[in-house]
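Following: one structure in structure tokens, then a few remarks.
The values are calculated or read from the model by the stated rules, or taken from the named source; none is laboratory data. Keep in mind it's a predicted model, so treat the numbers as computed, not measured. When we count neighbours, we look across all protein chains shown, and the Cβ atoms used for this are built from the backbone with ideal geometry, even at glycine. The protein model used for the area step is the full one, side chains on, heavy atoms only, and it has no ligands, DNA or RNA in it. Shrake-Rupley method; radii C 1.70, N 1.55, O 1.52, S 1.80 Å.
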Amino acid sequence: MTDPYADGLYRWWHLSRVSPELLAAEADDWLGKPGDVLDIGCGLGVELAHLAQHGWRSCGIDMSAIALQRARADHADVVFIQADALRLPFAARAFDLVLDRGCFQYLDPRQRRAYSAEAERVLRPDGRMLLRACLNRAGIRNDITEAVIGSAFAGWTIDFLKPVQVPSDTREMPALEVRLRRKV
């Protein structure tokens, strides 16, 4: 498989400004006070850089070495690590907030509970996760629904779940915006 940051495919989903979903969660005070944040599938690190400027200790993971190299060059105040979302290289309860703006929908359905368990493992009690799960994968409707989210994140508290149009630099994509909270 080619790296989408090498062939330009990333432009399909990349947003070069902070997402409206993150800004709304921040404006609602849903994110909580600044602490430690992990962005799963961070790409070029735009959202983490924004949070770092607002006092968050920011860390991002991605599978793309090219994306991480570019992110490191642009955002020196953020830590970027090449890692797999199903095997996060962090201690339990290391983060207050987890972001995902486009990783979840690429998981095989059989991996979703493992993904949820890893996110839960690295979150502190009452930690939060802002999930934007696109309803298309490579332009084709996938199986992501409210029921899929509920099943994958069984045991979590869903504070907010609604259909949205997630912008990228080139288009808008239908998605579910989900604000999840790890139970204490």
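Looking at R110, R141, R137, R132, can you tell me which residue is open to solvent by 40 Å² or more (accessible area, probe 1.4 Å) and under 23 Å from E47 (Cα atoms)? Steps first, please.
Numbers: R110 fails: under 23 Å from E47 (Cα atoms); R141 fails: under 23 Å from E47 (Cα atoms); R132 fails: open to solvent by 40 Å² or more (accessible area, probe 1.4 Å).
R137 is the lone residue from the list that is open to solvent by 40 Å² or more (accessible area, probe 1.4 Å) and under 23 Å from E47 (Cα atoms).
Report, ordered by the first and then the second residue, all pairs with beta carbons closer than 9 Å, sequence separation of six or more or different chains, a first member in the range 147-168 that is more than 24 Å from W13 (Cα to Cα) and acidic (D, E), and a second member that is open to solvent by 10 Å² or more (accessible area, probe 1.4 Å) and assigned to a strand (DSSP E or B).
These pairs meet every condition: D159/R128; D159/R179; D159/R181.
Looking at F95, F104, can you tell me which residue is touching a Phe, Trp or Tyr at 6+ places or on another chain (Cβ under 9 Å), within 14 Å of L180 (Cβ to Cβ) and either of a type in the set (A, V, I, L, M, F, W, C) or surrounded by fewer than 20 Cβ atoms within 10 Å (Cβ to Cβ) (or both)?
On the way: F95 fails: touching a Phe, Trp or Tyr at 6+ places or on another chain (Cβ under 9 Å).
None of the other options fit; the residue is F104.
Pairs under 6 Å by beta carbon, first residue polar (S, T, N, Q) in the range 1-23, partner assigned to a loop (DSSP other than H, G, I, E, B) and open to solvent by 30 Å² or more (accessible area, probe 1.4 Å), six or more apart or different chains?
S16/D169
Are any residues in the range 151-168 touching a Phe, Trp or Tyr at 6+ places or on another chain (Cβ under 9 Å) and more than 25 Å from G35 (Cα to Cα), and if so, which ones? Let's see the steps before the verdict.
Kept after step one, since they are touching a Phe, Trp or Tyr at 6+ places or on another chain (Cβ under 9 Å), are these residues of the range 151-168: 152, 159-160, 166, 168.
Of everything in the range 151-168, those that are touching a Phe, Trp or Tyr at 6+ places or on another chain (Cβ under 9 Å) and more than 25 Å from G35 (Cα to Cα) turn out to be A152, V166, S168.
Can G60 be described as modelled with pLDDT of 95 or more, open to solvent by less than 50 Å² (accessible area, probe 1.4 Å) and part of a loop (DSSP other than H, G, I, E, B)? Before the answer, list the steps.
On the way: modelled with pLDDT of 95 or more: yes; open to solvent by less than 50 Å² (accessible area, probe 1.4 Å): yes; part of a loop (DSSP other than H, G, I, E, B): no.
Taking the combined requirement at face value, the residue does not satisfy it.
Taking the range 63-86, which residues are open to solvent by 20 Å² or more (accessible area, probe 1.4 Å) and touching a strand residue (DSSP E or B) at 6+ places or on another chain (Cβ under 9 Å)? First the steps, then the outcome.
Here is the first cut: in the range 63-86, the residues open to solvent by 20 Å² or more (accessible area, probe 1.4 Å) are 63, 65-66, 69-70, 72-77, 79, 81-82, 84, 86.
Selection gives M63, A65, Q69, R72, H75, D77, V79, I81, Q82, D84.
Just one of the numbered conditions (1) over 16 Å from A24 (Cβ atoms); (2) surrounded by 13 or more Cβ atoms within 10 Å (Cβ to Cβ); (3) at pLDDT below 95 is not true of V166; which one?
(1)
Considering only residues that are of a type in the set (D, E, K, R) and modelled with pLDDT of 90 or more, look in the range 2-21 and name the one that is nearest to A49 (Cα to Cα). Let's see the steps before the verdict.
Narrowing the range 2-21 to residues of a type in the set (D, E, K, R): 3, 7, 11, 17, 21.
After this cut, where a residue has to be modelled with pLDDT of 90 or more as well, the list is 3, 7, 17, 21.
Values: D3: 23, D7: 24, R17: 10, E21: 15 Å.
Among those that are of a type in the set (D, E, K, R) and modelled with pLDDT of 90 or more, it is R17.
Counting just the residues of the range 1-43 that are among the charged types (D, E, K, R), farther than 18 Å from V98 by Cα and part of a loop (DSSP other than H, G, I, E, B), which one comes out most open to solvent (accessible area, probe 1.4 Å)? Before the answer, list the steps.
Let us first name the residues in the range 1-43 that are among the charged types (D, E, K, R), namely 3, 7, 11, 17, 21, 26, 28-29, 33, 36, 39.
Restricting the remaining residues to those that are farther than 18 Å from V98 by Cα gives 3, 7, 11, 17.
Those left that are additionally part of a loop (DSSP other than H, G, I, E, B): 3, 17.
Details: D3: 38, R17: 129 Å².
Among them, the one singled out is R17.
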